[in-house]
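Chemist: For reference, the structure I am asking about is given below.
Read-outs throughout are calculated quantities, based only on the coordinates presented, and are distinct from any laboratory measurement. A quick note: this is a predicted structure, and the numbers were derived from the prediction, not measured. All Cβ positions, even for glycine, are placed from backbone atoms using ideal geometry, and neighbour counts span all protein chains on display.
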Amino acid sequence: MKRSGYWEHLAGLLMKEVRAAIALPKAVSKTPKVVQDKEMEGELQKICESVERVLRKALAAAGGIGIASERELPHRLARILNTFKAGTTSQDPFESLQEPRTVTKYLQTWKRLVCYFFRVTLGLFLKEVTVFKLTSK
């Protein structure tokens, strides 16, 4: 994630608001002074569950720990799966994670990123800052 430039992205933002924006849906109700829209948080919970389901399937395809896999993910597809820019292919293939604790942290990190994106895009947090702009790409 450090290669993604997130440190530059977060520079100057209120960390208290960032922490609230990345809170998983069930945890947001425990965050002080956060107004919660139960319907929206329910939708975000469904999105997080979908993210976890997709990532678990990807890990299973890569032969992840604790997941029986009859076949390995072909090297070319593993490189495509680990690519984040359109029109390019990563030189590093997507690989299974070695420890169950690492899988849990990996899944939580992605779900928190989705929560942050969801809440900031909808203007629920960091309203005074143009954090990013959605494009058709």
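Chemist: Sort D92, D37 so that the residue with the fewest other Cβ atoms within 10 Å of its own Cβ comes first and the one with the most comes last.
Modeler: Numbers: D92 9, D37 12.
Going from sparsest to densest Cβ surroundings: D92, D37.
Chemist: Give me the number: length gained by fully extending T88 to L55, i.e. 0.36 nm times residue separation minus the C-alpha to C-alpha distance, one decimal in nm. Mind dumping the intermediate values first?
Modeler: Working: separation 33, 0.36 × 33 = 11.88 nm, distance 2.09 nm.
Net length gain for the segment: 9.8 nm.
Chemist: From the backbone phi of segment 15-20, what are the Karplus-calculated ³J(HN,Hα) couplings (6.51 cos²θ - 1.76 cosθ + 1.60, θ = phi - 60°) in whole Hz, Gly and Pro given as x?
Modeler: In residue order, the calculated couplings are 5, 4, 6, 4, 4, 5 Hz.
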